[in-house]
Amino acid sequence: MAGDREEPPQYTRYRARPRLARHAAGDPQGPGSLGEAQPPGRRGGPRGPGLPRAGWRRWATRKRLLAGLLALAVAWITLSLVLFLVSSHFERTPLPTDVAGVLDPAGYPLTSANNILVLGSDRRQKNSKEPGAETTGFGRSDSIMLIRTGGGHEARLSIPRDTVVEIPGHGLQKINAAHEFGGPALSVSVIKHWLDIPINHVVEVNFENFPQLIDAMGGVTYTGGCIVSRLDGGFSRGGFTLRLRAGTHHLDGKQALALARTRENLCAPGETDIQREEHQQALFTDMKKQLLGPSSFFRLPWIAWNAPPAIISDMSGTSLLGMFAALAITGTPTTHVLKPTGQITLPDGAEGLTVSEEARRAAVAQFMSG
């Protein structure tokens, strides 16, 4: 019957809208709007509560960047340590075997107090044309310095090379002659008995390879008075001439070597051994400052490779690393010079410097307490 016929079902038609287009157009019904319900815990998008998607991407990118930079820094330092140890094994010049017999035992240089004797020899290369230069044997010690480091200790004591002491078998002599008579072993023996202190290690500066280390560091800065010196006879004899006006200068490897080995400053003929020691200390202080500066981080592998050849020592590569780490941690203490209290004329007519027992004991007490 017509009245019993079923009516067709009613449908409501919906049209899907592009969400991205609506969102870009500012549609209040776009995703994340108040007009569209968000599942619990998903406020602000699927990345986390309250953190917009773009902000999360920036945070994740920054985190990955920092992690990558940290990984590169660790790899760079590790490479430098490996290069240092390899260079120490193959490129470093060892000391004569008799040195071990006169050294006193000590713990690891990073964690235990160590007294280290640092020497620089005035021996020149065999092709040197410098008048009076020594090209054979050990040579006299151009610079003599004691460093106390490790376990939180920091002290430096510089001994003028013209200081007169008793050298067994040779009588009264300038202290730098001990190195010429018996090498580093006799230097250690004389100095530790004269000062009555233990000496645990020896480090000699290998001036032949010293310029390469300075260049690897990017040079050093020196501030001081006028310097004019002729290394190995100067330019006119195939050597090197250093000319520095009073003030601040950035030195390359050859210039730094000439400054470190300057025995006679033609710009100031009246300079004493004390002033020469001060020039050297200013140079070595800036070397440490340069090594700890941010620019050295990018040069670290080159510095690590060139450092061991510039050192002659009884210490192994790992002990040298401990020494450098201890020096870096303790900062840069003032270098005290063992100042003379008098003068003496030696049998050969040379003038030497004397230090009273009282002055010597006071300097040693200050050094050992550092």
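A compact table of results
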item	result
Chain lengthening between residue 212 and residue 350 when straightened (0.36 nm per residue, less Cα-Cα)	46.1 nm
Extended-chain gain in nm, criterion 0.36 nm per residue less alpha-carbon gap, residue 366 and residue 288	25.8 nm
Pairs beyond 28 Å (Cα-Cα), from 192/254; 192/339; 63/289	192/254; 63/289
Around residue 360: net Lys/Arg minus Asp/Glu count, Cβ-Cβ under 14 Å	-1
Alpha carbon centroid spacing (whole Å) that separates segment 297-370 from segment 178-211	10
Cα radius of gyration and Dmax for segment 168-298 (Å)	16.8, 51
Among 358-367, 343-352, the order from most to least packed when residues are scored by Cβ within 10 Å on average	358-367, 343-352
By average C-beta atoms within 10 angstrom, highest first, the peptides 252-261, 191-200	252-261, 191-200
Residue order for 64, 276 - accessible surface, 1.4 angstrom probe, largest first	64, 276
Computed lengthening from residue 70 to residue 329, 0.36 nm per intervening residue step minus Cα-Cα distance	91.1 nm
Highest to lowest packing among 93-101, 296-304, scored as the average C-beta count within 10 Å	296-304, 93-101
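The values are calculated or read from the model by the stated rules, or taken from the named source; none is laboratory data. What you see is a predicted model, and the numbers here were worked out from it, not measured in a lab. Every residue, glycine as well, gets a Cβ built from its backbone with ideal geometry; the counts of neighbours run over all protein chains shown. We work out accessible area using only protein heavy atoms, side chains counted, and drop any ligands, DNA or RNA first. Shrake-Rupley method; radii C 1.70, N 1.55, O 1.52, S 1.80 Å.
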